[in-house]
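The values are calculated or read from the model by the stated rules, or taken from the named source; none is laboratory data. The structure presented is a predicted model; accordingly, all values stated were derived computationally and were not measured. Because the Cβ atoms are built from the backbone with ideal geometry, glycine has one as well, and the counts that use them run over all protein chains shown.
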Amino acid sequence: MHIVVPAGGIGAARFLRGLRAAAPDAQVTVIGNTGDDITLFGLRICPDLDTVMYTLGGGINDEQGWGRADEAFVVREELAAYGVGPAWFGLGDRDFATHIVRTQMLSAGYPLSAVTAALCDRWQPGVTLLPMSDDRVETHVVIGDEETGGRRAVHFQEYWVRLHAEPLAHDIVVVGAEDAKPGPGVLEAIARADVVLVPPSNPVVSIGPVLAVPGIREALEATAAPVVGLSPIVAGAPVRGMADKVLAAIGVQASAAAVAVHYGSGLVDGWLVDTSDSDAVPEVTAAGIASRAVPLLMTDLDAAAAMVREALQLAAELAG
Ligand code: GDP
Ligand code: CA
């Protein structure tokens with residue numbers, strides 16, 4: 001069985017760990033969000049690809065959900081001693097090595113997809129990790145500009161990490177998406193999919209940019225394979241992070257049903273909501289999406305694997 005998973009960072013990575021446990025024999029292709037990517041200290045950083053790679057490869061800082069385990073911060077201290085920032089983006093020494101390798105390969109002319117494959121040679125994540133595109137796509141958040149009284153766009157990382165998603169987000173702009181091409185293998189993977197699982201990732205800034213690359217949403221809508229999503233919103237709030245802020249920016253309510261309707265019945269055939277949101281099931285069903293309520297908190301690996309089994313079960317029913 002070939003399973004395709006469009007993915008963000010932490011929520012997706014934990015879900016994918018559950019997927020590998022629940023379906024060890026499945027072939028899994030992950031289409032990773034690169035809208036979060038940023039260049040800092042002259043280095044190209046791909047937070048979502050790295051979170052998936054480190055989590056599945058056993059190198060993640062588990063409590064934090066991102067970055068490396070057993071990390072040291074000597075480089076950060078030395079940069080600070082030079083007065084070189086930004087200090088708001090935490091990069092450890094082990095993590096720096098990944099970004100150095102990536103940047104060196106990109107500078108030598110390799111596309112991001114080839115670089116990602118090379119990094120995965122070390123980590124052996126047990127999935128095929130494909131960037132959504134080799135072209136540069138950057139998610140920006142439109143916020144108020146105190147100086148001019150107008151508006152300005154900041155990189156998603158600046159909004160999320162430096163500003164803690166505190167300023168009101170007026171809009172989300174995925175810069176470069178309309179001119180981007182799907183990465184090598186992405187459309188082929190979707191065409192070969194037996195099942196597509198949309199993990200409980202941020203629908204706006206993680207899955208949104210993947211769907212914004214021309215051809216990817218269309219391929220997911222056209223596939224005969226069942227597409228089943230899992231709600232990242234539980235009991236009217238994101239389980240982790242600030243997804244409600246960016247949902248509001250695009251006019252979508254932070255509820256399990258509203259996210260399903262936002263994806264739409266053209267994209268998702270099935271939608272799992274948490275047991276605490278069972279009253280959302282009729283609304284999702286009325287939108288033409290098969291729905292049921294099951295526990296959706298990834299408290300540990302077993303819980304994540306159980307969620308995957310529920311999603312695969314619903315997919316099997318939808319495939320008839
Ligand atoms: P990011 O790139 O690190 O923000 O990661 P993702 O976009 O993949 O995931 C963030 C989303 O995952 C947030 O909207 C969370 O609400 C959701 N999430 C995190 N943990 C859980 C969980 O245990 N259950 C569910 N249902 N959603 C979760
Ligand atoms: Ca992310």
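The table below lists the values:
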read-out: Enumeration of residues in the stretch 241-257 that are in contact (Cβ under 8 Å) with a residue 12 or more places away in the chain and in contact with a helix residue (DSSP H, G or I) (Cβ under 9 Å, 6 or more places away or on another chain); value: Gly241, Met242, Ala243, Lys245, Val246, Leu247, Ile250, Val252, Ala254, Ser255, Ala256, Ala257
read-out: Looking only at the stretch 91-113, and only at residues there that are surrounded by 14 or more Cβ atoms within 10 Å (Cβ to Cβ), aliphatic (A, V, I, L, M) and over 19 Å from the mean Cα position of the chain (by Cα), the one that is nearest to Ile60 (Cα to Cα); value: Leu91
read-out: Leu247 modelled with pLDDT of 95 or more, within 20 Å of the chain's Cα centre (by Cα) and within 13 Å of ligand 1 (Cβ to nearest atom); value: yes
read-out: The stretch 273-320: number of residues that are assigned to a loop (DSSP other than H, G, I, E, B) and over 23 Å from the mean Cα position of the chain (by Cα); value: 3
read-out: Condition broken by Arg122, with the remaining ones in (1) under 21 Å from Asn33 (Cβ atoms); (2) outside any strand (DSSP E or B); (3) touching a residue at least 60 places away in the same chain (Cβ under 8 Å) satisfied; value: (1)
read-out: Residue match in the stretch 42-56 (condition: at pLDDT 95 or above, closer than 19 Å to Ala305 by Cβ and away from ligand 2 (no atom under 14 Å from the Cβ)); value: yes
read-out: Residues satisfying the stated conditions in the stretch 84-117, i.e. out of contact with any Leu (no Cβ under 6 Å at 6 or more places or on another chain) and modelled with pLDDT under 95; value: Val84, Gly85, Pro86, Ala87, Trp88, Gly90
read-out: Ala258 being more than 19 Å from Ala180 (Cα to Cα), over 16 Å from the mean Cα position of the chain (by Cα) and within 10 Å of ligand 1 (Cβ to nearest atom); value: no
read-out: Enumeration of residues in the stretch 273-283 that are surrounded by fewer than 15 Cβ atoms within 10 Å (Cβ to Cβ) and over 25 Å from Val195 (Cα atoms); value: Asp279
read-out: Residue list for the stretch 142-189, filter: within 16 Å of ligand 2 (Cβ to nearest atom) and on the phi > 0 side of the Ramachandran plot; value: His164, Ala165
read-out: Checking Trp160 against (1) surrounded by 12 or more Cβ atoms within 10 Å (Cβ to Cβ); (2) without any contact (Cβ under 8 Å) to a residue 60 or more places away in the chain; (3) not in a loop (DSSP other than H, G, I, E, B), the condition it does not meet; value: (2)
